[in-house]
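Working notes for the structure below.
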Amino acid sequence: MNDFTFYSPTKVYMTGNFYDVFKKEIVKYNKIALVCGKTAAYKTGFVDFLKEIKGGNLFIFDEIEENPSINTVIKGGRFVRQNRCDLIVAFGGGSSLDAAKAIAAFATNNMGFYELLSQNGLPNPPIPIYAIPTTCGTGSEVNHYAIITDYEKNDKINFGKTANFPKKAFLNPEFLETLDEKLIFATAFDALTHAFEGYLSVKANPFSDLLAKEAMNNICNVLKDNDLDREHLKLLLYSSTLAGIVIMHTATTLLHAMGYYLTNTKNIHHGTANFLLLPVYMKMLRFYKVEKLSSINEIVNNIEGLLEKYAEIFNIDLRKLFTEEEVKKLSKYAMGKNNVKNTLFQTNEEKLFEFLADYIL
């Protein structure tokens, strides 16, 4: 067994009494900034709930878009700073939670995006964050990653600072009930790939492996049942959080690097993009004879069955979206991402193109 460390600083609440528990946790804060998108926080009644508690001391920044931009997080940081908020409540999917982490940093560090990114840590500690996920995909509520999109470079940047960890995370499966089924499936596959890639990462350790296998088994079982009652949603949310802890230690691999390109250039949901490219990644794992893959044969078989089952639900034909030249660009982009360094096999741009071309073209 290799040497390793394991660290998970976020306190997690899984409770069926969410509103009472959350209310007790925020009373010590004076001014609260709610960071969210335009829909979920209002549709679920969460905004009204916060208004009843905080009144005029609630400040809402609801401008988080899917794939949040540099401009958005800079603007959000200024909003929190100008209103002198002492807590950020991040409510929503991975985009809102990731954006909130960057916003918390820029609220106390009035600098340019890349200027602050280049710093070793943060000059000033960020505003504390309470995270409430409303999807079952990213696990962002328990890690320090903040994936921000640079639209000028058409690239995703990980504003991953150690200080970014939310202080507390609150898991309430009731919020998932407002989601479209297709979005639940897409985010579930995002979580599944987090656990799968984390298990097959060069940074994996015995603790992360335990969590990864638990998450993969749970998600596979729910997706096989295709039953989204509250108990199944609770299991997906719990497993997504486990997978978020996994990648906090292991990071992601080549699969995520490829998936980012589909999101950046084809506007395909991140979880769906990972789903679409997972068959290529699994083929490469076998081609390069990754020994650790054989230790989860039953899980792998379940995943392959799910890929076939859900292909019709997502119903995206990559062959209609990609030319040979674009597949070359995808290969070059993916091999240039840091995620590749965590992959348990070594490949190159030319070989990746061969695999992708065989699958897509």
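The values are calculated or read from the model by the stated rules, or taken from the named source; none is laboratory data. Please read all numbers here as calculations on a predicted model, not as lab measurements. Cβ placement follows ideal geometry from the backbone for every residue including glycine, while neighbour counts extend to all protein chains displayed. Side chains included, ligands, DNA and RNA excluded: accessible areas come from the protein's heavy atoms. Shrake-Rupley method; radii C 1.70, N 1.55, O 1.52, S 1.80 Å.
Sparsely packed loop sites in region 2-44 (the chymotrypsin sites (Phe, Trp or Tyr not before Pro) outside DSSP H, G, I, E and B with at most 11 other Cβ atoms within 10 Å) comprise Tyr7. Considering only protein heavy atoms and a probe of 1.4 Å, how much of the accessible area of region 303-361 is carbon and sulfur, as a whole percent? In region 303-361, the share of accessible area belonging to carbon and sulfur is 45 percent. Applying both filters, DSSP loop and at most 15 other Cβ atoms within 10 Å, to the trypsin sites (Lys or Arg not before Pro) of region 166-256 gives Lys167, Lys203. Pairs of Lys residues in region 124-216 that lie 8 or more places apart, or on two chains, and have C-alpha atoms under 22 angstrom apart add up to 4. When the GluC sites (Glu not before Pro) in region 112-166 are filtered for DSSP coil states and for at most 11 other beta-carbon atoms within 10 Å of their beta-carbon, the remaining sites are Glu152.
Largest GNM mean-square fluctuation across Thr193, Thr135, Thr15, computed for the chain with C-alpha springs under 10 Å, falls on Thr15. Backbone amide hydrogens, once placed in the peptide plane, bring Ile157 within less than 5 Å of Ile148, Thr149, Asp150, excluding anything fewer than 5 places away on its chain. Computed from backbone phi with θ = phi - 60° and the Karplus coefficients 6.51, -1.76 and 1.60, the 3J(HN,Hα) list for region 88-101 is 10, 9, 9, 10, x, x, x, 4, 5, 5, 5, 4, 4, 5 Hz; x is used for glycine and proline. Taking each DSSP H run with n ≥ 4 as -39500 (n - 2.57) and averaging over every residue of the chain yields -16500 deg cm²/dmol at 222 nm.
Subtracting the Cα-Cα distance of Phe207 and Lys329 from their residue separation scaled by 0.36 nm leaves 40.3 nm.
Spacing of the modelled spin labels on Thr39 and Lys51, each 7 Å from Cα toward Cβ, amounts to 2.1 nm. The stretch between Lys283 and Glu177, if pulled fully straight at 0.36 nm per residue, gains 34.7 nm over its current Cα-Cα span. If every alpha-carbon in region 119-227 counts as one equal scatterer, what log10 I(q)/I(0) does Debye give at q = 0.24 1/Å? Log-scaled intensity ratios, in q order: -1.38. The label-point distance for Asn83 and Asp225, in a model that sets each label 7 Å from Cα toward Cβ, rounds to 3.9 nm.
Of the listed residues Ser294, Ser239, the order by accessible area with a 1.4 Å probe, largest first, is Ser294, Ser239. The lysines within cross-link reach of Lys51, meaning a Cα-to-Cα straight distance under 19 Å and a gap of 8 or more places when in the same chain, are Lys23, Lys24, Lys28, Lys31, Lys38, Lys43.
With springs only between Cα atoms under 10 Å, which of Lys11, Lys153, Lys31 fluctuates most in a Gaussian network model of the chain? Residue with maximal mean-square fluctuation among Lys11, Lys153, Lys31: Lys153. Using Cβ point charges alone (K and R +1, D and E -1), the dipole size of region 41-117 about the Cα centre works out to roughly 240 debye. If you run the Gaussian network model on the chain, springs between alpha carbon atoms under 10 Å, then out of Ile26, Ile127, Ile184 the most flexible one is Ile26.
Basic side chains Lys and Arg get +1 at the Cβ, acidic Asp and Glu get -1 at the Cβ, and with that the dipole of the chain about its Cα centre reaches some 1120 debye.
Under the simplified labelling scheme, the Glu312-Asn110 pair shows an inter-label distance of 5.9 nm, with each label point 7 Å from Cα along Cα→Cβ.
So if R0 is 30 Å, what FRET efficiency would Ala357 and Val290 give, r being the distance between their Cβ atoms, rounded to the nearest 0.05?
With a Förster radius of 30 Å, E is 0.90.
Would you kindly state how much longer the chain becomes between Tyr7 and Lys167 on full extension, computed as 0.36 nm times their sequence separation minus their alpha carbon distance, in nm to one decimal? Don't skip to the answer; put the middle values down first.
Values: separation 160, 0.36 × 160 = 57.60 nm, distance 1.35 nm.
Roughly 56.2 nm would be gained on extension.
Think of each Lys and Arg Cβ as +1 and each Asp and Glu Cβ as -1; about the Cα centre, that makes the dipole of region 284-361 roughly 320 debye.
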